[in-house]
1. For segment 1-125, with equal point scatterers placed on the C-alpha atoms only and solvent neglected, what are the log10 I(q)/I(0) values from the Debye formula at q = 0.11, 0.19 1/Å, to two decimals?
2. Would you tally the net charge around Tyr129, using a Cβ to Cβ cut-off of less than 14 Å, leaving Tyr129 out, and scoring K and R as +1, D and E as -1?
3. If you count only protein heavy atoms with a 1.4 Å probe, what accessible area per residue comes out for the chain, rounded to a whole Å²?
4. Asp385 to Phe197: extension gain in nm, 0.36 nm per residue of separation minus the Cα-Cα distance?
5. Rg(Cα) of segment 229-376 divided by 2.2 N^0.38 Å?
6. Kindly give Rg over Rh for segment 220-292, based on alpha-carbon atoms, with the Kirkwood expression for the hydrodynamic radius.
7. Of Met238, Met168, which has the most accessible area with a 1.4 Å probe, and how do the rest follow in descending order?
8. Under the definition of Cα pairs under 8 Å and six or more residues apart, what whole-number percent is the relative contact order of the chain?
Amino acid sequence: MRVNGKENNKNFFENVKNIVILSFGSFGLNFMLLVYILTTSRLLIERSASVTLSSVFLFSELIIFAFTYPFFTYLYDITRSAIGRRTPYLIIFGILSSFNLTLIQKLSYISLFPLLMVIALFNFWLFLYTLAFFGMVKDKIVYHFRNIMILHIKLWEIVGSITAYLYMLNSDKVQLGIETPVGGFLFLISALTVAFFIVEDKKYKVPLSRAEKPSYNYNVIDTFRFYNLEVKDIKESMIFSLIYIYEFFILNFLKDSSFKVLSINLLLFLLGTIFAYFISLFSDNFRKIVGEKKVQNLAIIILSIAYLVFNYANIKIILGLQFFVGFLWGVILLSQLGYIVPGKSERFIIYSVVIEDDSLKPDTKKLKFFFLSFILIIVLSFILDIVGVQNASLVYSIILFSTLILEKR
């Protein structure tokens with residue numbers, strides 16, 4: 001009995017240790033991502049790069065995910081090394097991503113094309129790192145700790161995002177070149193901490209025999225076939241597309257404002273969204289109310305009107321509305337997509353496939369969702385290039401309202 005008690009205590013502390021370390025990994029990843037999107041967006045806007053061209057490279061991770069996720073997941077799952085199957089990728093791509101991020105801002109004075117290439121390469125390294133990170137999360141989830149593990153990953157994702165905004169509030173004062181090295185260094189520390197202090201099971205260090213290796217039979221062409229997508233899927237993809245590029249949208253729309261004002265706008269928006277989530281966690285009635293179709297439709301209508309106001313308001317009114325707009329987005333997201341952190345920082349919904357599904361049998365419908373989202377982002381960006389980013393909030397308003405029309409069909 002005493003031996004069993006010691007073993008149980010050992011397992012308990014091991015699970016707690018894994019939760020703490022993976023939470024720190026989530027914090028570092030999301031802190032870095034906010035620094036990345038704010039810095040690179042600012043650099044591209046200063047270069048007067050078209051919104052469409054910028055979006056193709058900034059959000060290329062979605063299309064990388066849609067088309068290469070099955071292959072790399074398969075590769076990761078059959079990998080066996082002396083330090084495990086996820087650990088080598090965490091180290092390699094954690095180092096490459098942090099170095100690449102630091103390099104981005106150092107390229108701020110050279111031509112646009114090399115900068116875009118570095119951004120695309122960074123997205124690829126980051127995709128490979130995040131795939132390994134969430135694979136590690138999946139490996140370390142045990143039945144009794146599943147909910148608390150996911151809760152902490154999400155919680156520290158939010159903390160990392162808020163901390164990044166608070167850090168970027170001083171971006172107007174710091175010397176150009178400081179932001180991305182700090183973000184890259186913190187990310188590197190978190191990545192190496194996960195790699196060296198999360199111990200993989202011994203079975204992942206023993207080479208697979210030929211008979212044990214599963215077959216890879218995913219057909220990439222399936223991702224192009226949209227015939228099985230429903231109207232609900234298209235609506236969710238439209239909403240996801242709008243929220244995924246939110247930081248880039250605000251930075252373009254308010255490009256004539258100081259960077260500190262932009263950061264405050266985005267921070268207030270995030271806090272409003274989190275406030276809606278916080279209420280839903282402690283109030284079943286609120287969660288039921290926001291899930292009703294009438295309430296969702298009303299939230300979309302009010303939000304559409306708010307964006308119309310944005311288009312004709314001064315910066316003080318826009319700043320004053322950000323918390324309220326974030327709260328409305330929280331209400332909409334709760335029903336449509338769940339508890340996600342708005343903008344580029346969101347990783348949990350994208351990599352939920354890794355946690356929830358059989359990684360060797362990817363859900364084709366989910367991959368199509370992200371491919372469609374990428375297409376919608378490019379279409380939105382192209383429209384903004386035509387009508388001008390000064391009308392970005394008007395375009396946002398129209399697209400949001402069109403989700404209601406789409407649902408009626």
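The values are calculated or read from the model by the stated rules, or taken from the named source; none is laboratory data. The model shown is predicted, which means the values in this text are computed figures rather than measured ones. When we count neighbours, we look across all protein chains shown, and the Cβ atoms used for this are built from the backbone with ideal geometry, even at glycine. Side chains are part of the model used for accessible areas, which takes the heavy atoms of the whole protein and leaves out ligands, DNA and RNA. Shrake-Rupley method; radii C 1.70, N 1.55, O 1.52, S 1.80 Å.
1. Log-scaled intensity ratios, in q order: -0.54, -1.14.
2. Local net charge: +1.
3. With the other protein chains kept in place, the chain gives 44 Å² per residue.
4. 63.0 nm
5. Computed over Cα atoms of segment 229-376, the ratio equals 1.10.
6. That ratio equals 1.13.
7. So, going from the largest accessible area down, we get Met238, Met168.
8. Taking the mean separation of contacting Cα pairs over the length of the chain, I get 28 percent.
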